[in-house]
1. Diagonalise the Cα gyration tensor of the chain and give the resulting equivalent ellipsoid semi-axes, square root of 5 times each eigenvalue, largest first, whole Å.
2. Suppose the Debye formula is applied to equal point scatterers at every Cα of the range 1-160; what is log10 I(q)/I(0) at q = 0.11, 0.15 Å⁻¹?
3. Between L275, L325, L81, where does the largest GNM mean-square fluctuation fall for the chain, given springs only between Cα atoms within less than 10 Å?
4. With Cβ to Cβ distances under 13 Å as the rule, what net charge do the other residues near K84 carry (K, R +1; D, E -1)?
5. Place a +1 charge on the Cβ of each Lys and Arg in the range 63-158 and a -1 charge on the Cβ of each Asp and Glu, then give the dipole magnitude about the Cα centre in debye, rounded to the nearest 20.
6. If contacts are Cα pairs under 8 angstrom and at least 6 residues apart, what is the relative contact order of the chain in percent?
7. Leaving out ligands, DNA and RNA, what percent of the accessible area of the chain is carbon and sulfur, probe 1.4 Å?
8. Report the residue, chosen from S67, S309, S245, that carries the largest GNM mean-square fluctuation when the chain is represented by alpha-carbon nodes joined by springs under 10 Å.
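The values are calculated or read from the model by the stated rules, or taken from the named source; none is laboratory data. Small disclaimer: the values here were computed from a predicted structure and weren't measured. Using ideal geometry, Cβ is built from the backbone for each residue, glycine included, and neighbour counts are taken over all protein chains shown. For accessibility, only protein heavy atoms count, side chains too; no ligands or nucleic acids. Shrake-Rupley method; radii C 1.70, N 1.55, O 1.52, S 1.80 Å.
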Amino acid sequence: MKIALVAGVTPSAAKAGGIRSYVLGLSTAMSRLGHEVLIVGSGGETLMKLDGGVKYRSLGLNPNSSSFRFLYTLFRRAKNLPIKGHVLHVQRPDDLVPFVVREDVEGKFVTVHGSPQPGIKERHGTAISTVYGFLEALAFRTADRTIVLDSATERELRKKHPNSAGRLVRGTGGVDLEKFQIRSRDHAREVLGLKDLPTIAYVGRLEIEKNVGLLLRAFRHLPRAQLVIAGGGSGFAALEREAASNTNVRLLGPIPHEMIPLVLSAANVVALPSLRESMPAVCLESLACGTPVVASPVGAVPDLIQNGSNGFLSDPDEHAFATNLALALDRSDSMRDTCRASVLRFGWDQVAKQVLEIYRAAG
């Protein structure tokens with residue numbers, strides 16, 4: 001099978017993100033299973049080969065280009081992209097719309113990584129959000145199948161798009177179980193130059209919906225711990241100012257994907273205080289490293305976190321979040337094997353087989 005995965009990602013860029021992890025993990029696993037896989041992404045070299053024989057074609061954009069810029073470029077380039085005979089699989093509903101004219105592909109699929117519309121409305125206002133809503137509806141009418149990763153998004157989309165509900169299917173995220181393994185915390189801290197203190201880590205984008213401010217407020221109640229934050233985004237400058245007076249807060253900025261296992265292994269607990277999520281890759285990756293997660297009960301997180309076993313679900317209140325972080329710090333060592341065991345079913349080879357079956361069933 002020939003498969004084209006389309007997403008506004010740049011594999012070579014030091015930019016963490018759930019969609020990036022999904023596309024790279026899924027593509028590598030599909031290639032390993034004997035399929036010919038092409039990623040169409042934002043920036044980097046025009047043509048290159050990635051790990052596992054996956055091909056990558058860049059649209060020639062800056063790696064930090066917005067999702068709007070990526071969509072605009074798809075409208076200009078989709079007609080001539082060399083994807084004839086491929087299964088087409090995009091990672092945002094609006095990214096499918098430029099391919100409506102392509103009748104030479106073997107199927108059209110979209111994975112919805114949580115509903116983009118609330119974030120679009122927050123950042124760009126009602127008018128842009130309304131335009132996105134129109135594109136989303138057109139995409140779902142066009143898609144052979146729409147894959148959703150959490151039950152909340154599934155319920156929302158079934159209600160918004162009842163005429164397309166029959167083509168909605170549940171899927172999952174995945175994790176590279178070889179790259180993300182239980183490793184020595186002491187060694188990981190030494191490599192990163194961290195203090196030998198109980199460690200809380202946050203890895204991800206620094207945007208409003210990630211609610212990192214809650215984590216900072218909760219951290220003030222844990223004076224004997226250190227906080228490591230890896231990622232970039234519009235909130236980085238404000239975070240830098242807020243953290244400047246605390247020597248136990250370490251900001252790493254955007255890091256290469258290869259460094260993420262090191263950060264997760266250095267931590268006793270990973271914090272995920274998000275207001276919105278679907279099935280966050282960093283949650284799966286942290287658990288695979290044997291590191292418990294303290295998270296808001298959003299998206300698929302309640303399906304992944306079992307209180308007291310591999311982490312804790314917490315209300316979005318600084319005192320509750322601090323209490324749960326303290327519990328996880330205290331019990332972290334005894335949770336390592338349980339954390340790892342809880343995500344073994346999400347290895348990419350298994351997830352890729354499920355996605356391939358969705359492709360075949362739609363045919």
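1. Details: eigenvalues 233, 90, 79 Å².
Computed over the chain, the values are 34, 21, 20 Å.
2. Log10 of I(q)/I(0), two decimals: -0.41, -0.79.
3. Per the Cα network of the chain with a 10 Å cutoff, L81 tops the list.
4. Working: positive: K2, K79, R102; negative: E36, E103, D104, E106.
Summing Lys and Arg as +1 and Asp and Glu as -1 gives -1.
5. Numbers: 14 positive and 11 negative charges, 60 e Å.
Dipole magnitude for the range 63-158 comes out near 300 debye.
6. Details: 733 pairs, mean separation 60.0, N = 363.
Result for the chain is 17 percent.
7. 51 percent
8. S245
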